[in-house]
Amino acid sequence: MEASIAMPEIRTQECRALASSALCGTLGRAPRSAARCGSRKACLQIRAAVMQSTPLPMRSNELKNSTPVEEMKKLRLISAIKTPYLPDGRFDLEAYDSLVRTQVDHGVEGLIVGGTTGEGHLMNWDEHIMLIARTVNCFGDKIKVIGNTGSNSTREAIHATEQGFAAGMHAALHINPYYGKTSMDGLLLHFKSVLAMGPTVIYNVPGRTGQDIPPSVIEKIASSPNFLGVKECMGNERVKHYTEQGIAVWSGNDDQCHDSRWDFGARGVISVVSNLVPKLMHELMFSGKNQELNEKLMPLINWLFVEPNPIGLNTALSQLGLIRPVFRLPYAPLNVEKRQEFVKIVEGIGRDNFPGCTEVRLLKDDDFLLVERY
């Protein structure tokens, strides 16, 4: 049967059923009901219509926003950027641009856009890709844009990653399928599907996904030319395991990143606290071992994660006057006692180490707007 056979018009429900039937997959003999939909030839034509060719990655060789994989591996400080909101729950792009400029001005080298911290899981894909595209368009020549286009659906992950790279992002961040967990073979197939499209960081955070990505999986995909490395949240022994094999790894834990960088060989950190103290985090990643600074930041880091991220960060940025105190539910601000703690933490570290120029505010409960429809 020639591949050039044209797709016929499928006129009846019965013919549609035949088109998807396994009976039509058998060349050489037509289904008994073939005569009802015209002829054996028609049925074979329908079979040709539903055959799928091997998909090709939707990618481009345009070099405007591309960065060699080895250059991306040199990044030391990457911030998981916060997404701020207007009172109706839409993106506050002015506040977002200001947050990004602060990161650029203080030497942050890369951004995770639409990650957990950026609440990508509360966005539809139109919002998600729009924010990646805007970040690239406005700041892509100053900072590397890594779009979180991962999903627990391989189909969605492929589609979002194609769109993200088409919009110009420099790399993708991919998590393992969460909730509906898969097998180790399934993980390999999932990652192989998305690695085909461009430079990729694999994100291992079992506390959120419910499943560890074991070294055996990472080691099998590390030979891909688009594999950048791992954002690893399983501790410094895992970091050491990878670095000893020449696999690039970024700490995903702010409280461990100093030791990860200077004692265990991590390239750097993908950080949340750098949204609040980018200058100090730059010093921590670039200026050599500094236990004194690391210990100075621990009260802030511990406070930031007293509730699941990004609750603490959203609260802190609101208190600093850098964003409107608007939360997309199900997130809600930290209570007033914790907000009082933050005021003292800022005083202890020094207000000049935090972005913005207003005094840190306590804020009343009524000052926060919680949006359930957006």
Would you pick out the residues in segment 118-152 that are open to solvent by 30 Å² or more (accessible area, probe 1.4 Å), out of contact with any strand residue (DSSP E or B) (no Cβ under 6 Å at 6 or more places or on another chain) and either closer than 18 Å to Pro84 by Cβ or not aromatic (Phe, Trp, Tyr) (or both)?
His121, Asn124, Asp126, Glu127, Met130, Ala133, Arg134, Asn137, Cys138, Asp141, Lys142, Asn152
Which of the residues belonging to segment 245-258 are open to solvent by less than 20 Å² (accessible area, probe 1.4 Å) and acidic (Asp, Glu)?
Asp254
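Residue-by-condition table, conditions (1) basic (Lys, Arg); (2) open to solvent by 10 Å² or more (accessible area, probe 1.4 Å); (3) part of a loop (DSSP other than H, G, I, E, B):
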| site | (1), (2), (3) |
| --- | --- |
| Arg155 | yes, yes, no |
| His174 | no, no, no |
| Asp185 | no, yes, no |
| Lys192 | yes, yes, no |
Subset of segment 265-275 (residues that are in contact with a helix residue (DSSP H, G or I) (Cβ under 7 Å, 6 or more places away or on another chain) and either open to solvent by 10 Å² or more (accessible area, probe 1.4 Å) or touching a residue at least 60 places away in the same chain (Cβ under 8 Å) (or both)):
Gly265, Gly268, Val269, Ser271, Val272, Ser274, Asn275
Of Asn124, Asn176, which residue is of a type in the set (S, T, N, Q) and free of Cβ contacts under 8 Å to residues at least 12 places away in the same chain?
Asn124
Scan segment 211-252 for residues that are out of contact with any strand residue (DSSP E or B) (no Cβ under 8 Å at 6 or more places or on another chain) and within 17 Å of Phe286 (Cα to Cα) and report the count.
0
Here is a list: Thr209, Thr135, Thr182, Thr116. Which entry is in contact with a His (Cβ under 8 Å, 6 or more places away or on another chain) and either touching a residue at least 12 places away in the same chain (Cβ under 8 Å) or not basic (Lys, Arg) (or both)?
Thr182
For segment 239-296, give me each residue that is of a type in the set (Val, Ile, Thr) and closer than 23 Å to Val104 by Cβ.
Val269, Ile270, Val272, Val273, Val277
Scan segment 82-104 for residues that are of a type outside the set (A, V, I, L, M, F, W, C), over 23 Å from Ser66 (Cβ atoms) and either in contact (Cβ under 8 Å) with a residue 60 or more places away in the chain or open to solvent by less than 10 Å² (accessible area, probe 1.4 Å) (or both) and jot them down.
Lys82, Thr83, Pro84, Tyr85, Pro87, Asp88, Gly89, Arg90, Asp92, Tyr96, Ser98, Thr102
Please go through segment 348-374 and pick out each residue that is in contact (Cβ under 8 Å) with a residue 12 or more places away in the chain and part of a helix (DSSP H, G or I).
Gly348, Ile349, Asn353, Asp365, Asp367
Within segment 317-340, take every residue that is open to solvent by less than 80 Å² (accessible area, probe 1.4 Å) and in a helix (DSSP H, G or I) and give me the one that is nearest to Met281 (Cα to Cα).
Leu317
Do we have any residue at all in segment 100-114 that's out of contact with any Pro (no Cβ under 6 Å at 6 or more places or on another chain), more than 19 Å from Met130 (Cβ to Cβ), assigned to a loop (DSSP other than H, G, I, E, B) and at pLDDT 95 or above?
yes
Scope segment 100-128; condition among the aliphatic types (A, V, I, L, M) and touching a helix residue (DSSP H, G or I) at 6+ places or on another chain (Cβ under 7 Å); matching residues:
Val100, Val104, Val108, Leu111, Val113
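Can you give me the number of residues within segment 197-238 that are of a type in the set (Gly, Ala, Ser), over 20 Å from Gly268 (Cβ atoms) and crowded, with 19+ Cβ neighbours inside 10 Å?
Matching residues across segment 197-238 total 1.
For (1) touching a residue at least 40 places away in the same chain (Cβ under 8 Å); (2) open to solvent by 60 Å² or more (accessible area, probe 1.4 Å), each residue gets a yes or a no:
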| position | (1), (2) |
| --- | --- |
| Thr243 | no, no |
| Asp263 | no, yes |
| Val277 | yes, no |
| Gly288 | no, no |
| Pro299 | yes, yes |
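The values are calculated or read from the model by the stated rules, or taken from the named source; none is laboratory data. The structure displayed is predicted, hence computed values, not measured ones. Quick reminder, even Gly has a Cβ in these numbers, built from the backbone with ideal geometry, and neighbours come from all protein chains shown. With ligands, DNA and RNA removed, areas are computed over all heavy atoms of the protein, side chains included. Shrake-Rupley method; radii C 1.70, N 1.55, O 1.52, S 1.80 Å.
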